[in-house]
Amino acid sequence: MLKFVNPEGNYAPPGGGYTQTIIVPANARWLVTAGQVGLTPDGTLPKGIEAQAEQCYRNVLACLKGNGMGPEDLVKVTIYLTDNRYIPAYRAARDKIIGTQYKPAATLVVVDGLAAPEMLMEVEAIAAKA
């Protein structure tokens, strides 16, 4: 079982959507995903940050499920947004699709662009299951 720790002497995570540190037990099985964008299973890209953000997290869940894992196994996510105004939409999608009870470590990066100009968000995930 993963142990989620916000160490004393460090700041509280802004927005409360992540944990500062996660301890992974010995002999855990690790999973690293490629960056997940908002493409649907049929290869279409929804318009708008809300729809793309939700699909990014659905794709992360599909990667987890396909490997016998769930959101409780997330250790770290790295979120790439093409505009800092998308932060509220990304957080709402994360909470809606992943849930608020799971708070992996997280890094948020605002970038000039992704693989295609119409892509607004990408999420990389690392998970571990004991």
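The values are calculated or read from the model by the stated rules, or taken from the named source; none is laboratory data. These numbers come from a predicted model, not from an experiment. Every residue, glycine as well, gets a Cβ built from its backbone with ideal geometry; the counts of neighbours run over all protein chains shown. Just so you know, the surface numbers come from the protein's heavy atoms only, side chains and all, with ligands and any DNA or RNA stripped out. Shrake-Rupley method; radii C 1.70, N 1.55, O 1.52, S 1.80 Å.
Okay, here's what the table says:
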{"quantity": "Selection within the stretch 100-124 - under 19 Å from residue 14 (Cβ atoms) and in a loop (DSSP other than H, G, I, E, B)", "calculated": "100, 101, 102, 103, 104"}
{"quantity": "The stretch 105-125 residues that are over 18 Å from residue 76 (Cβ atoms) and in contact (Cβ under 8 Å) with a residue 40 or more places away in the chain, paired with ones that are open to solvent by 30 Å² or more (accessible area, probe 1.4 Å) and of a type in the set (S, T, N, Q) (beta carbon under 6 Å, 6 or more apart)", "calculated": "120/82"}
{"quantity": "Output for the stretch 105-126, where each listed residue is open to solvent by less than 60 Å² (accessible area, probe 1.4 Å), of a type outside the set (Val, Ile, Thr) and closer than 15 Å to residue 93 by Cβ", "calculated": "106, 119, 120, 121, 122, 125"}
{"quantity": "Condition broken by residue 76, with the remaining ones in (1) under 29 Å from residue 28 (Cα atoms); (2) assigned to a helix (DSSP H, G or I); (3) not β-branched (Val, Ile, Thr) satisfied", "calculated": "(2)"}
{"quantity": "Breaking point among (1) touching a residue at least 12 places away in the same chain (Cβ under 8 Å); (2) under 15 Å from the mean Cα position of the chain (by Cα); (3) open to solvent by less than 30 Å² (accessible area, probe 1.4 Å), for residue 28", "calculated": "(2)"}
{"quantity": "Criterion (in contact with a Phe, Trp or Tyr (Cβ under 6 Å, 6 or more places away or on another chain) and closer than 15 Å to residue 125 by Cβ) met by exactly one of 53, 62", "calculated": "53"}
{"quantity": "Filtered residue count, the stretch 13-25, keeping only those that are in a loop (DSSP other than H, G, I, E, B) and either within 19 Å of residue 99 (Cα to Cα) or open to solvent by 80 Å² or more (accessible area, probe 1.4 Å) (or both)", "calculated": "5"}
{"quantity": "Hits in the stretch 31-84 - residues which are β-branched (Val, Ile, Thr) and either open to solvent by 40 Å² or more (accessible area, probe 1.4 Å) or modelled with pLDDT under 95 (or both)", "calculated": "32, 44"}
{"quantity": "In the stretch 92-104, residue most open to solvent (accessible area, probe 1.4 Å) [restricted to those that are out of contact with any strand residue (DSSP E or B) (no Cβ under 7 Å at 6 or more places or on another chain) and within 16 Å of residue 35 (Cβ to Cβ)]", "calculated": "94"}
